[in-house]
1. List pairs: first in segment A:68-82 and free of Cβ contacts under 8 Å to residues at least 60 places away in the same chain and in a loop (DSSP other than H, G, I, E, B), second of a type in the set (V, I, T) and open to solvent by 10 Å² or more (accessible area, probe 1.4 Å), Cβ under 9 Å, 6+ apart or cross-chain?
2. Confirm whether C:T108 is polar (S, T, N, Q) and under 26 Å from D:L40 (Cα atoms).
3. Output the qualifying pairs, or none if there are none: Cβ atoms under 7 angstrom, residues six or more apart or on different chains, first residue in segment B:31-49 and assigned to a loop (DSSP other than H, G, I, E, B), second residue open to solvent by 70 Å² or more (accessible area, probe 1.4 Å).
4. Output the residues belonging to segment A:102-130 that are aliphatic (A, V, I, L, M), surrounded by fewer than 20 Cβ atoms within 10 Å (Cβ to Cβ) and in contact (Cβ under 8 Å) with a residue 12 or more places away in the chain.
5. Looking at (1) modelled with pLDDT under 95; (2) closer than 26 Å to C:R124 by Cα, which is the only condition D:V172 fails?
6. Name the residues in segment B:128-163 that are modelled with pLDDT under 95 and among the β-branched types (V, I, T), would you?
7. Of everything in segment D:17-41, what is within 10 Å of DNA strand E (Cβ to nearest atom) and more than 14 Å from chain C (Cβ to nearest Cβ)? Give them in sequence order.
Protein chains: 4
Amino acid sequence: MHDHTTDRPGRTGRPRSAEADAAILAATREALVDLGWSKLTLGDVATRAGVAKTTLYRRWAGKNELVVDAVAELFDELELPDRGSLAADVEGVVLQFADLLARPETRTALMAVVAESTGDEALRARIRTSIVDRQKRLVLEGRQRAQERGELPAEDDPETAARTADLIFDVVAGAVVHRSLVSSEPVDTEWARSFTALLLGGLAQAGGRPSHT
Amino acid sequence: MHDHTTDRPGRTGRPRSAEADAAILAATREALVDLGWSKLTLGDVATRAGVAKTTLYRRWAGKNELVVDAVAELFDELELPDRGSLAADVEGVVLQFADLLARPETRTALMAVVAESTGDEALRARIRTSIVDRQKRLVLEGRQRAQERGELPAEDDPETAARTADLIFDVVAGAVVHRSLVSSEPVDTEWARSFTALLLGGLAQAGGRPSHT
Amino acid sequence: MHDHTTDRPGRTGRPRSAEADAAILAATREALVDLGWSKLTLGDVATRAGVAKTTLYRRWAGKNELVVDAVAELFDELELPDRGSLAADVEGVVLQFADLLARPETRTALMAVVAESTGDEALRARIRTSIVDRQKRLVLEGRQRAQERGELPAEDDPETAARTADLIFDVVAGAVVHRSLVSSEPVDTEWARSFTALLLGGLAQAGGRPSHT
Amino acid sequence: MHDHTTDRPGRTGRPRSAEADAAILAATREALVDLGWSKLTLGDVATRAGVAKTTLYRRWAGKNELVVDAVAELFDELELPDRGSLAADVEGVVLQFADLLARPETRTALMAVVAESTGDEALRARIRTSIVDRQKRLVLEGRQRAQERGELPAEDDPETAARTADLIFDVVAGAVVHRSLVSSEPVDTEWARSFTALLLGGLAQAGGRPSHT
DNA sequence: GCTTAACCGAGACGGTACGTCTAGTCTTCGA
DNA sequence: TCGAAGACTAGACGTACCGTCTCGGTTAAGC
């Protein structure tokens, strides 16, 4: 997160309003719901937040940065409650993630900032820092539990462990995003179960008959 | 594909130029490379194509529709050459898809139109028709071959077969897209091999030791 | 008048439709009433006339020429019935002219083409030929009658006679146009009587008490 | 005149630039000279004035209103220097007015806005307020002087006085405009003298022999 | 009655200007 | 020094007309 409010060096003059920050981020999410990414304008956000456009530009460099911050907060809601088995944990996080992507502000904003980031390394880094990497904890935590339960073997080489975690993260997140936003099909319990079976058992085993837990 | 040129009902009046269509789509891809999605303007595309802005608007409703058509042509390049085994076929198509996503016109355009489509059912349908569904052929063809080789069992229930194909498509396409565009990590041979091992063998088996073919 | 229909040199091929000419001019006047000069478009005129735009451009060079022809016909309605005295004749023609300028197609078109003609000598000539000079007959005829009645002395020098006729024409036409279109005041019987008194008797005499006939 | 700059009710925000107003009006007159009314575009005026198009639209509703204001300033140049007699005063103002109408920006603009005003009461009012009525001062002043000199009798009834002034104004302005712009003949000293003789002495007296002063 | 050239409708074409919108900056006043 | 208000430059938007062109099809004069 990028704190615009408190970490200023100089201390003379009128201090910035902390309320304004929250109001602006909330207004941004509201505007995303109403208008979508491309029709969202900073002037409109400022109006909704009851704030002057100048104030907004003083704190964020542009639309991209603002939206990344506004959306990042939403992703911190994801959790990994212990459901007793690796399969159940995977299913749970898949459904949580799908719920998040079902919210209009997330749907439209996430893909849009990713698209913008293709030609902007700074933005790409900001997305990784603020959104993506923060969620890898879910993979690490899930593996840890599965190893404790004996469902997965321990991994000695830390580099291989990291690579595998990244791979799993891309597969899980990618599949859910693709199903939700590109294929436009619902991510319901049935799909989550099929996906989990595929992830755990692989195509060779699960190809014909997905094993219902 | 949406044919703007030939399938009009009335036959009076000057017919539309078929060259213009091709020039516009090529100019769109060129502009995507140079400018990226958000800085691409239809006026600029028209200029690059040597065409009047009105000609462009007569055929496409807006930026979204135009870019979908321009990018869709690129996806038809994907093929599934027979590499002798299911694992090799998967690896091959993953690397092909990654190459396609490494091209700047695809990187910037694909996520952007998906983002726009979240609030526009017509656009979502156009993306599905022009891009997504057309590539499912790769999954179907790959499974067919694997079954003929005996690597996968036959599937009797056609509905289950279709659901499984959709699942695999979302997993493969989603993982590659997420790795390429969100995580911003390279999709190289090594990653493709690890991913294939996971897809075929599942997490339980491949978790510790990915089986190098 | 410019005859587009009959005076062509070659004689083979399909002849131009004479009905089209009339329909176009009528449609032009109708469009002038509905839309005014600046919002009149040739495409709209063509549609109203049930004619293709091409047909229209084949016969007139542009909006200006078309409107001049369309309006010129209206001016030929003016007549100078013998009312028994010079004053009565002047009053009569003033009121007739004012009635003509009260019609919306005349109001808007006359000034507009005059404005366009300031930078276009060919158009200026066309206006003089088609509209202005044709009406000078009214002045000449009126003077002729007045001289026969003994109200005005004969004029021996033909050049002086011509200059005086031009002067009177500018004064009468100019005053009526200015009153109608610039001052936006009605040209009614009372004003016509006052104007006639001024024209005949001059300011020195008519200044205080206009002599009601 | 319509003050866009100073008389706003609210006082917050950046005030409008007074320089911009002057630059825009000057650029408008320049563009009228170069292009004429019909080819004048607001985008071009903005460029010439070194101003953004939005600044221009913020202050004027459109081309008509802008041109009226730009031309109105020119009309304020007219004066009525005391030349010693009513006839000389009339001649002087006629020649001044003709000089004004000989300037290309006036020629092309005046008739055009009058033409546009035929279907637009607001514009008609603006023309009357900004241009026409302001010049009636010349008639009133001239009559005042002539009465002081004893050339014209005093007029007791103020309503008759006003009606007569309006009549004279329409006759003088109309005749000069018609001569200049419609008949396209020069308003030179000789014509001014003939016209003055007609105006003062009337047709009956001046018909044959215009009294050369 | 057959040619044949010029006509006709329809509508796409390359252009240009429109009037509006948004971005991001700047300038003023008041807190 | 900050914030609200709103004017500023810059430039894309999507639309409307311009005047030209390219079609398929029609129509009368002249052979």
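1. As it stands, the answer is A:E79/A:V93, since those pairs meet every condition given.
2. Values: polar (S, T, N, Q): yes; under 26 Å from D:L40 (Cα atoms): yes.
The answer is yes for C:T108.
3. From residues that are assigned to a loop (DSSP other than H, G, I, E, B), the pairs are B:G36/A:G119.
4. First pass over segment A:102-130, keeping only residues aliphatic (A, V, I, L, M): A:102, A:109-115, A:122-123, A:125, A:127.
Then keep just the ones that are surrounded by fewer than 20 Cβ atoms within 10 Å (Cβ to Cβ); that gives A:102, A:122-123, A:125.
Correct list: A:A102, A:L123.
5. Tallying (1) modelled with pLDDT under 95; (2) closer than 26 Å to C:R124 by Cα, D:V172 fails exactly one: (1).
6. B:T129, B:I131, B:V132, B:T160
7. Of everything in segment D:17-41, just one residue is within 10 Å of DNA strand E (Cβ to nearest atom) and more than 14 Å from chain C (Cβ to nearest Cβ), namely D:S17.
The rows are residues; the columns are (1) within 16 Å of DNA strand E (Cβ to nearest atom); (2) in contact with a helix residue (DSSP H, G or I) (Cβ under 8 Å, 6 or more places away or on another chain); (3) under 24 Å from A:L101 (Cβ atoms).
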position: B:D82; (1), (2), (3): no, yes, no
position: B:E91; (1), (2), (3): no, yes, no
position: B:E116; (1), (2), (3): yes, yes, yes
position: B:A122; (1), (2), (3): no, no, yes
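The values are calculated or read from the model by the stated rules, or taken from the named source; none is laboratory data. What you are looking at is a predicted structure, and each value in this text was computed from that prediction instead of being measured. A quick note on method: Cβ atoms are made from the backbone with ideal geometry, for glycine too, and the neighbour counts reach across all protein chains shown. For accessibility, only protein heavy atoms count, side chains too; no ligands or nucleic acids. Shrake-Rupley method; radii C 1.70, N 1.55, O 1.52, S 1.80 Å.
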